[in-house]
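First comes the structure, then the notes that go with it.
No value in this document is a laboratory result; all are computed from the given coordinates. Computed from a prediction, not measured in an experiment: that's the story for all the values here. As a convention, Cβ positions derive from the backbone with ideal geometry for all residues, glycine included, and neighbour counts pool all protein chains shown.
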Protein chains: 2
Amino acid sequence: MKINENYRSLRDSYLFSDIAHKVAAFSESHPDRRIYKMGIGDVTLPLAPAVVAAMEEAVREQGERATFRGYGPEQGYPFLRESIREYYRSFGAAVDADEIFVSDGAKSDLGNILDLFDPDNTVLIPDPVYPVYVDTNKMAGRKIIYCAATRENAFLPMPDTSVKADIIYICSPDNPTGAAYSIERLRAWVDYARERGAVILYDAAYESFVSEKGLARSVYEVEGAKECAIEFCSFSKTAGFTGTRCGYTVVPFALKRCGMSLHAMWLRRQTTKFNGVAYAVQRGAAAALSEEGLRQIRANLSVYRNNAKIICDALDTLGIWYTGGRNSPYVWLQCPGFTNSFAFFDYLLEKTGVVGTPGGGFGRNGEGYFRLTSFADETTVRGAMAAFSAAFG
Amino acid sequence: MKINENYRSLRDSYLFSDIAHKVAAFSESHPDRRIYKMGIGDVTLPLAPAVVAAMEEAVREQGERATFRGYGPEQGYPFLRESIREYYRSFGAAVDADEIFVSDGAKSDLGNILDLFDPDNTVLIPDPVYPVYVDTNKMAGRKIIYCAATRENAFLPMPDTSVKADIIYICSPDNPTGAAYSIERLRAWVDYARERGAVILYDAAYESFVSEKGLARSVYEVEGAKECAIEFCSFSKTAGFTGTRCGYTVVPFALKRCGMSLHAMWLRRQTTKFNGVAYAVQRGAAAALSEEGLRQIRANLSVYRNNAKIICDALDTLGIWYTGGRNSPYVWLQCPGFTNSFAFFDYLLEKTGVVGTPGGGFGRNGEGYFRLTSFADETTVRGAMAAFSAAFG
């Protein structure tokens with residue numbers, strides 16, 4: 001019996017659980033101190049009333065013989081896939097309902113999609129980056145190369161034609177930096193991928209935060225993207241589904257490699273290793289995309305947007321450099337007075353009670369930077385930024 | 001860019017979708033004929049009232065700011081893991097709550113667990129078998145060998161010490177045959193696995209149908225199993241969760257290979273590639289294991305058990321050989337007058353309207369046999385067996 005030896009190359013613990021332990025320890029030793037949690041990218045506002053009503057109704061249906069549903073289609077119910085197609089259409093991206101696969105979240109699909117690719121591929125990952133892209137590829141023993149996201153390129157790296165990559169990760173608006181590609185800039189990546197026969201794994205989990213015109217909500221706003229890109233998205237941030245679990249992945253019919261349809265391969269993977277998402281959850285997700293649901297979830301999104309503005313305004317006043325915040329729930333700032341982001345984390349927690357995420361946890365180029373999230377209530381964010389301003393003003 | 005070439009070795013379509021197409025075509029061309037669906041292993045009774053109430057309550061909690069929950073633990077909430085531990089304890093298996101991982105279903109985990117093993121392992125799979133075991137290993141390019149389940153061994157193959165296997169699949173009560181191992185017989189497999197350093201992947205999805213004393217509900221009823229076996233189970237058949245999606249996998253602390261803890265590896269896999277199960281679903285699952293919930297789901301199970309008895313009684317009267325049915329929702333019968341199970345499927349559908357699953361779809365040794373499921377209402381089963389008896393009496 002041989003285990004997967006690649007697991008030995010993984011670090012034992014995970015960035016966010018380390019942070020949770022640090023915060024718990026601080027909290028225990030300072031029971032009187034106020035803690036402002038702006039570290040984890042987890043929503044704080046409840047599910048929209050339209051979502052709750054739809055889920056309650058669906059649960060009741062599941063309790064009645066006449067309306068009970070057993071196994072659903074592995075790729076999701078048509079009612080939800082069609083709602084997602086219309087949602088795409090609302091911002092100008094054309095996706096066929098049958099190209100959409102409903103899942104329990106983008107994280108699952110981002111890991112599982114790698115089943116379709118040989119371990120012998122070179123993977124291009126931005127640095128800094130969401131650690132899951134790196135770890136899932138290490139688990140399969142793939143060669144990973146990095147493209148530097150830095151202050152100089154506004155944390156939006158562009159393709160280097162001398163680099164040979166087969167699988168390319170792009171997250172826009174980005175986690176952790178909040179930087180967002182314009183459709184124009186994204187076009188360069190699509191052209192690079194098509195020329196090389198590479199596949200882009202495009203993480204659009206934060207698309208609903210895009211408010212500026214010309215920035216991409218979907219990679220499919222770029223012509224030709226359907227021949228080279230798979231898109232991952234989620235209701236987690238859009239509709240507060242982090243505890244309710246529903247996402248979707250678009251694998252276009254036009255995406256073929258080595259004579260195989262990646263759509264057909266993913267369908268085969270999902271029908272073999274997945275049994276679909278709970279009916280009640282799919283009803284809730286569809287309700288989030290109804291007219292009433294969209295109005296309600298947009299009200300929640302503007303709370304987070306307003307929080308991000310409070311953070312940005314404070315940093316502007318302090319003259320601290322940052323990116324993100326305008327089209328993203330994340331603000332990515334240069335650590336004031338620190339080059340080590342972990343040391344800054346400790347200092348900030350101790351001095352102000354503000355919890356963020358050290359940029360170094362996302363890669364070498366994240367060192368010296370720090371992520372704050374706007375997923376909190378306004379009082380918390382105002383309190384946090386007042387304490388922050390007092391400490392660094 | 002290289003795709004995973006192993007996907008080319010997979011058949012394009014899937015047994016149950018083929019059958020669904022055949023039934024749909026028959027239904028369309030014979031709109032007046034009654035069809036008795038006893039093919040798919042999908043429950044038909046609604047969720048228990050205690051489950052519905054718990055899920056509704058949880059959905060309402062998710063709609064209120066004060067009780068909203070975002071990301072939960074990837075391995076499941078303690079309240080559910082502890083309920084599952086108590087459920088195990090109720091039939092005499094000792095499992096630690098931290099050894100239990102909650103997931104969206106056994107099918108997902110049975111596929112995903114293979115991440116932990118090198119492609120270069122020999123996999124021993126019974127024939128006939130649930131096709132997912134075979135396909136998931138083909139996707140990874142593993143060498144598969146089969147152990148014959150036949151009428152001679154009552155479809156319960158025993159280990160052959162001359163066979164060198166690293167990963168061993170056992171499903172008990174079995175899908176498709178309904179045959180169930182006694183604790184005594186299972187001991188031989190545990191001893192074989194421990195001696196060889198192999199790992200048993202034990203699928204206990206149908207354990208709640210076991211009613212005879214001495215038959216295993218869990219592999220952990222066998223001493224030493226914690227050193228060699230991972231167990232997969234699900235609320236799908238136990239509590240009618242096929243459309244609600246919740247399962248659990250036990251990876252014991254004592255299970256180590258090549259100096260690595262498989263528990264630690266699975267925890268790393270799940271925290272990296274999974275984000276847990278919907279809070280409301282976990283509340284529903286825990287309610288199914290409450291005193292009231294257990295009473296209600298057992299009432300549903302006895303409906304299915306009674307249906308299985310109706311099938312068995314009819315076959316007894318006809319003098320047709322079968323196994324299963326007594327500790328399983330599946331009855332596995334020898335096709336009367338046919339050696340080709342697909343031809344029997346067509347004949348049976350045409351002649352009686354009864355839909356089952358041809359044994360040949362589960363492997364070479366399934367040829368000549370046929371699976372009927374008891375997941376239907378009593379009227380359907382009585383009607384089906386009357387038509388069946390008329391045709392073969």
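Using θ = phi - 60° in the Karplus curve 6.51 cos²θ - 1.76 cosθ + 1.60, the 3J(HN,Hα) couplings for region A:194-208 round to 5, 5, 8, x, 7, 10, 8, 9, 9, 9, 10, 4, 10, 4, 5 Hz; x is entered for Gly and Pro.
When the chymotrypsin sites (Phe, Trp or Tyr not before Pro) in region B:1-110 are filtered for DSSP coil states and for at most 14 other beta-carbon atoms within 10 Å of their beta-carbon, the remaining sites are B:PHE91. Count Lys and Arg as plus one, Asp and Glu as minus one, and take only other residues whose Cβ is under 12 Å from that of B:CYS228; the net charge is then 0. For region B:1-129, the share of alpha carbon pairs falling in successive 10 Å distance bins from zero is 8, 20, 28, 26, 17, 2 percent. Summarising the label geometry, the points placed 7 Å from Cα in the beta-carbon direction at A:LYS2 and A:THR317 lie 6.1 nm from one another. If only the Cβ of Lys and Arg carry +1 and only the Cβ of Asp and Glu carry -1, the dipole of chain A around its Cα centre is close to 240 debye.
A:ARG65 label point (Cα plus 7 Å toward Cβ) to equivalent points in the other copies: 4.5 nm, shortest first. Note on region A:49-292: dipole from Cβ charges, positive end direction compared against A:GLY224, A:SER172, A:PRO128; the farthest Cα belongs to A:PRO128. Residues whose amide H falls under 5 Å from that of B:ARG151, counting only those 5 or more places apart or on a different chain, are absent, with hydrogens built in the peptide plane. Note on A:LYS22 and A:ILE144: the extension gain reaches 40.9 nm, defined as 0.36 nm multiplied by sequence separation minus the Cα-Cα distance.
Applying the Karplus relation 6.51 cos²θ - 1.76 cosθ + 1.60 with θ = phi - 60° to region A:105-110 yields 3J(HN,Hα) values of x, 5, 4, 4, 5, 4 Hz, where x marks Gly and Pro. Label points for A:SER182 are taken 7 Å from Cα along Cα→Cβ. From this copy to the others they lie 7.7 nm apart, shortest first. Values of log10 I(q)/I(0) for region B:148-273 across q = 0.16, 0.18, 0.20 Å⁻¹ run -0.83, -1.02, -1.20, by the Debye formula with one identical scatterer at each alpha carbon and no solvent. Normalised by residue number, the volume inside the convex hull of the Cα atoms of region A:49-292 is 124 Å³ per residue.
With only Cα atoms counted, region A:56-103 has Rg and Dmax values of 13.5, 41 Å. Given +1 at the Cβ of Lys and Arg, -1 at the Cβ of Asp and Glu and no other charges, the dipole of the protein assembly as shown around its Cα centre is 280 debye to the nearest 20. Within chain B, which is the longest segment that contains none of the GluC sites (Glu not before Pro) sitting in a DSSP loop with at most 16 other Cβ atoms within 10 Å? Within chain B, the longest run free of exposed GluC sites (Glu not before Pro) spans B:224-393.
Averaging the Cα positions of each part gives two centres, and for region A:16-92 and region A:178-196 these lie 30 Å apart. For chain A, the residue among A:PHE344, A:VAL51, A:ASN306 whose Cα projects farthest onto the positive side of the dipole built from Cβ charges is A:PHE344.
Remark on A:SER234: its backbone amide H falls under 5 Å from those of A:TYR248, a criterion applied only to residues 5 or more positions apart or on other chains, H modelled at 1.01 Å from N. Over all other residues within a Cβ to Cβ distance under 13 Å of A:TRP321, the charged ones net out to -1, with Lys and Arg as +1 and Asp and Glu as -1. Farthest toward the positive end of the dipole of the protein assembly as shown, out of B:ALA286, B:ASN365, A:TYR330, is the Cα of B:ASN365, where the dipole comes from beta carbon charges about the Cα centre. Other residues with beta-carbon under 10 Å from the beta-carbon of B:PHE117 carry, at +1 per Lys or Arg and -1 per Asp or Glu, a net charge of -1. Measuring how big region A:110-174 is from its alpha-carbon positions, Rg and Dmax come out at 11.8, 35 Å. For region B:262-354, the equivalent ellipsoid built from the Cα gyration tensor has semi-axes of 39, 21, 13 Å, listed from largest to smallest. Using Cβ point charges alone (K and R +1, D and E -1), the dipole size of region B:201-351 about the Cα centre works out to roughly 580 debye.
Our coupling estimate for region B:381-393, obtained by passing each phi through the Karplus curve with A = 6.51, B = -1.76, C = 1.60 and θ = phi - 60°, is 5, 4, x, 4, 6, 5, 5, 4, 5, 5, 6, 10, x Hz, Gly and Pro reported as x.
Can you list the distances in nanometres, one decimal and ascending, from the A:LEU318 label point to the identical position in each other copy, with the point 7 Å along Cα to Cβ? In ascending order, 7.8 nm. With 10 Å bins beginning at zero, the pair-distance distribution over Cα atoms of the protein assembly as shown amounts to 3, 14, 23, 25, 19, 10, 4, 1, 0, 0 %.
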